[in-house]
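Enquirer: Structure in structure tokens, see below.
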Amino acid sequence: MPARPDVDLLVLGSGVAGLSAAIRAARAGRSVAVLTKGELAWSATQYAQGGVAAALEEDVDSPDLHFADTISAGVGLCDVDAVRVLVTEGPARVRELIGLGAEFDRASDTDLAYTREGGHSVARIVHAGGDATGAEIERALVSAVRDTAAMVHERWFALDLLVVDGRAVGVRAVDPTGAEHELRATHTILATGGAGQCFAVTTNPLLSTGDGIAMARRAGVAVADVEFMQFHPTALDHPSMPRPLLSEALRGEGAVLRDDHGHAFMLSEHALEDLAPRDVVARAIARRLNDGDLPHLWLDATPIPNFARRFPTVWRACQLVGLDPTREWLPVAPAAHYLSGGICTDLDGATTMPGVWACGEVARSGVHGANRLASNSLLDGLVFGSRCVDAIVAGKDEAEETGVLRGIEAPPPTPLEVPTATRAGRRATREDLQRVMTRDAGVLRDGGSLTRAHDALESMQPTDREVANLLVVSRALVDAALAREESRGTHTRLDFPETNPAFLGRLVFTDAEPRFVRLPEPAATR
Ligand SMILES: Cc1cc2nc3c(=O)[nH]c(=O)nc-3n(C[C@H](O)[C@H](O)[C@H](O)COP(=O)(O)OP(=O)(O)OC[C@H]3O[C@@H](n4cnc5c(N)ncnc54)[C@H](O)[C@@H]3O)c2cc1C
């Protein structure tokens, strides 16, 4: 029988957030176990293309500029203190990553190469292997964690938090043979990533099934802002799963979006044109697709020099489907890409339940507001993964009223009643659920489509554990999207097309229904 870890820190997930945390904790002398449902390198992190945003060059950039761009992309819902933490601590975390062995592309022997993506006012994004940044980061972190004393449990599936007297004391998990165990830990860090698999058209790998958010919901840990699913505007329109992503960095290097008549339509949509924030570009494309009943628009990447060398991942993806980006336009359509909402945390990643911490895409740290600024999520994982550990090592045991937890009081946890395969209802596969979500809760939503989605999800009984988790997250997403009667960032209601100041707050789940919590005045707006 596999050994049962009895550790200071149990880290669920082995993407950028989980591995950063595990390495830091092990180096600080803590006993650590990493539990991950696939092989160690399997993660969304591995797929990241464009890069990591950080103000590394003081002569042309600054944390203040990065702060302003992040706040502006977030359309009123960023937590300003969390963003301040991200942009000021980000450069040091990127340098540490380089110290761990991650090799970023260089402009010269001494200088890193920078690119620009949507919503950034300067070129501040470092990248690796051209457009294979995530693969390089994951490689470096996997290698570094293997050099520590951290225990690694691959192909273990975390089922649920173990809660005793209101405190999490570990998890229930299934080992590779299918046997169930209770793994006990003083602190459990949820770093289980996003939930793009709620949708049929997504850039996320099959493992992005919202497990951590579902675990939190079931245990009554506060979750918020899940209506803000970011749709990447330029996924290759091809029936592969996940959809090949055509990185925003292509537009940073000269590619242009074109409509069915060849018109470069972003010129009239936003001052930043093709480099407008993602929500703006995704909406502009989705409207044209709807109006013209079109399957896709076009990305004209022919102006990019040295395409195959600069963007080898995109080049290979195009070659696989018989497209030549140097000579023809590429068919593009939006795809579910990044869940900005998640488990509510304070500035150190602590949640509303003692013993549970969250970092990376699973967390609602507050840095992404209603729309994530491109290339801020790898940075989010690096910065907040490290902060969880630093706080634990410093002896912190309970969340404070900082960051997203300001204004969110933690009522006694109310475990959520969840759908199980034993209850009456229609047996639903992942594809059944994805079809509903893509049709009725995608880029453009309205009350009618969301109500249809709500009713369809209500009648579904999941066929497996991941579908059960997707169902929990999808229901929360749809219910919050129904309650948010406005358009803001990545949440677009056709029946409420304007941003409404009355909705300047979060839809927080601590039990079955979302509760609106108005954004408190920022504690600091430096
Ligand atoms: C195609 C693509 C391109 C992207 N490009 C960029 C980019 O250029 N820049 C950027 O900043 N961001 C980018 N992103 C977003 C970024 O990659 C992710 O947000 C980030 O990597 C998430 O890291 P994470 O550690 O939170 O989660 P992940 O990397 O998704 O890791 C989650 C881990 O949790 C494990 N896990 C999940 N559930 C369980 C369970 N029940 N039990 C045990 N283990 C579990 C998974 O196996 C996995 O190891 C991109 C995303 C995609 C999909």
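Enquirer: Going by the conditions given, is residue 170 open to solvent by less than 30 Å² (accessible area, probe 1.4 Å), touching a Lys or Arg at 6+ places or on another chain (Cβ under 8 Å) and modelled with pLDDT of 95 or more?
Expert: yes
Condition check ((1) under 30 Å from residue 186 (Cβ atoms); (2) modelled with pLDDT of 95 or more; (3) touching a Lys or Arg at 6+ places or on another chain (Cβ under 9 Å)) across all residues:
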{"site": "88", "(1), (2), (3)": "yes, yes, no"}
{"site": "101", "(1), (2), (3)": "yes, yes, yes"}
{"site": "122", "(1), (2), (3)": "no, no, yes"}
{"site": "136", "(1), (2), (3)": "no, yes, no"}
{"site": "140", "(1), (2), (3)": "yes, yes, no"}
{"site": "153", "(1), (2), (3)": "yes, yes, no"}
{"site": "164", "(1), (2), (3)": "yes, no, no"}
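Enquirer: If I go through the range 105-145 residue by residue, how many of them are closer than 25 Å to residue 67 by Cα, open to solvent by less than 50 Å² (accessible area, probe 1.4 Å) and part of a loop (DSSP other than H, G, I, E, B)?
Expert: Qualifying residue count for the region: 12.
Enquirer: Which residues, counting only those in the range 471-513, are part of a loop (DSSP other than H, G, I, E, B) and open to solvent by less than 40 Å² (accessible area, probe 1.4 Å)?
Expert: Within the range 471-513, 484, 486, 487, 489, 490, 510 meet the criteria.
Enquirer: Something else now. Quick check on my filter: what residues within the range 302-311 are at negative phi and either among the polar types (S, T, N, Q) or open to solvent by less than 30 Å² (accessible area, probe 1.4 Å) (or both)?
Expert: 302, 304, 307, 311
Okay, residues lined up against (1) away from the ligand (no atom under 12 Å from the Cβ); (2) closer than 20 Å to residue 368 by Cα; (3) open to solvent by 20 Å² or more (accessible area, probe 1.4 Å):
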site	(1), (2), (3)
19	no, no, no
44	no, yes, yes
52	no, yes, no
60	yes, no, yes
73	yes, yes, no
84	yes, yes, yes
87	yes, yes, no
91	yes, yes, no
96	yes, no, yes
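Enquirer: For the range 375-386, check the following and say yes or no: at least one residue is more than 22 Å from residue 510 (Cβ to Cβ) and part of a loop (DSSP other than H, G, I, E, B).
Expert: The answer is yes, given that some residue of the range 375-386 is more than 22 Å from residue 510 (Cβ to Cβ) and part of a loop (DSSP other than H, G, I, E, B).
Enquirer: Residues 418, 467: which one is at pLDDT below 95 and in contact with a Lys or Arg (Cβ under 8 Å, 6 or more places away or on another chain)?
Expert: Of the residues listed, the single one that is at pLDDT below 95 and in contact with a Lys or Arg (Cβ under 8 Å, 6 or more places away or on another chain) is 418.
Enquirer: Which residue pairs have Cβ atoms closer than 7 Å, lie 6 or more positions apart in sequence or on different chains, and pair a first residue in the range 110-123 that is of a type in the set (A, V, I, L, M, F, W, C) with a second residue that is part of a strand (DSSP E or B)?
Expert: Going by the 7 Å Cβ cut-off, the qualifying pairs are 112/106; 112/126; 113/106; 123/114; 123/115.
Enquirer: Let me ask you something else. What do you reckon, is residue 26 open to solvent by less than 50 Å² (accessible area, probe 1.4 Å), aliphatic (A, V, I, L, M), outside any loop (DSSP other than H, G, I, E, B) and more than 16 Å from the ligand (Cβ to nearest atom)?
Expert: Details: open to solvent by less than 50 Å² (accessible area, probe 1.4 Å): yes; aliphatic (A, V, I, L, M): yes; outside any loop (DSSP other than H, G, I, E, B): yes; more than 16 Å from the ligand (Cβ to nearest atom): yes.
Answer is yes for this residue.
Enquirer: Go through the range 218-238 and give me each residue that's more than 20 Å from residue 315 (Cβ to Cβ) and open to solvent by 10 Å² or more (accessible area, probe 1.4 Å).
Expert: 218, 219, 231
Enquirer: Suppose the filter is in contact with a Lys or Arg (Cβ under 9 Å, 6 or more places away or on another chain), among the aliphatic types (A, V, I, L, M), more than 30 Å from residue 154 (Cα to Cα) and away from the ligand (no atom under 16 Å from the Cβ); does residue 65 pass it?
Expert: Against the criterion (in contact with a Lys or Arg (Cβ under 9 Å, 6 or more places away or on another chain), among the aliphatic types (A, V, I, L, M), more than 30 Å from residue 154 (Cα to Cα) and away from the ligand (no atom under 16 Å from the Cβ)), residue 65 qualifies.
Enquirer: For residue 335, only one of the following conditions fails: (1) in a helix (DSSP H, G or I); (2) hydrophobic (A, V, I, L, M, F, W, C); (3) touching a residue at least 12 places away in the same chain (Cβ under 8 Å). What is its number?
Expert: Failing condition for residue 335: (1).
Enquirer: Here's something else I'd like to know. Could you grab me the full set of residues in the range 149-167 that are open to solvent by less than 30 Å² (accessible area, probe 1.4 Å) and under 27 Å from residue 99 (Cα atoms)?
Expert: Passing the criteria: 150, 153.
Enquirer: Continuing with the same structure: Could we say that residue 102 is among the hydrophobic types (A, V, I, L, M, F, W, C), more than 12 Å from the ligand (Cβ to nearest atom) and assigned to a helix (DSSP H, G or I) here?
Expert: The answer is no for residue 102.
Enquirer: In the range 186-197, is there at least one residue being crowded, with 20+ Cβ neighbours inside 10 Å and more than 17 Å from residue 18 (Cα to Cα)? I'd like the intermediate steps shown before the answer.
Expert: Here is the first cut: in the range 186-197, the ones crowded, with 20+ Cβ neighbours inside 10 Å are 187-197.
When the remaining residues are screened for being more than 17 Å from residue 18 (Cα to Cα), the result is 196-197.
Within the range 186-197 (the criterion being crowded, with 20+ Cβ neighbours inside 10 Å and more than 17 Å from residue 18 (Cα to Cα)), the answer is yes, since at least one residue qualifies.
Enquirer: Would you tally the residues in the range 305-319 being without any contact (Cβ under 8 Å) to a residue 60 or more places away in the chain and touching a Phe, Trp or Tyr at 6+ places or on another chain (Cβ under 9 Å)?
Expert: Filtering the range 305-319 for residues without any contact (Cβ under 8 Å) to a residue 60 or more places away in the chain gives 305-308, 315-316, 319.
Now narrow it down to the ones that are touching a Phe, Trp or Tyr at 6+ places or on another chain (Cβ under 9 Å): 307-308, 315.
Going through the range 305-319 one residue at a time, the tally reaches 3.
The values are calculated or read from the model by the stated rules, or taken from the named source; none is laboratory data. Note that the structure is a prediction, hence the values are computed from the model and not measured. A quick note on method: Cβ atoms are made from the backbone with ideal geometry, for glycine too, and the neighbour counts reach across all protein chains shown. Note: areas computed on protein heavy atoms with side chains; ligands, DNA, RNA excluded. Shrake-Rupley method; radii C 1.70, N 1.55, O 1.52, S 1.80 Å.
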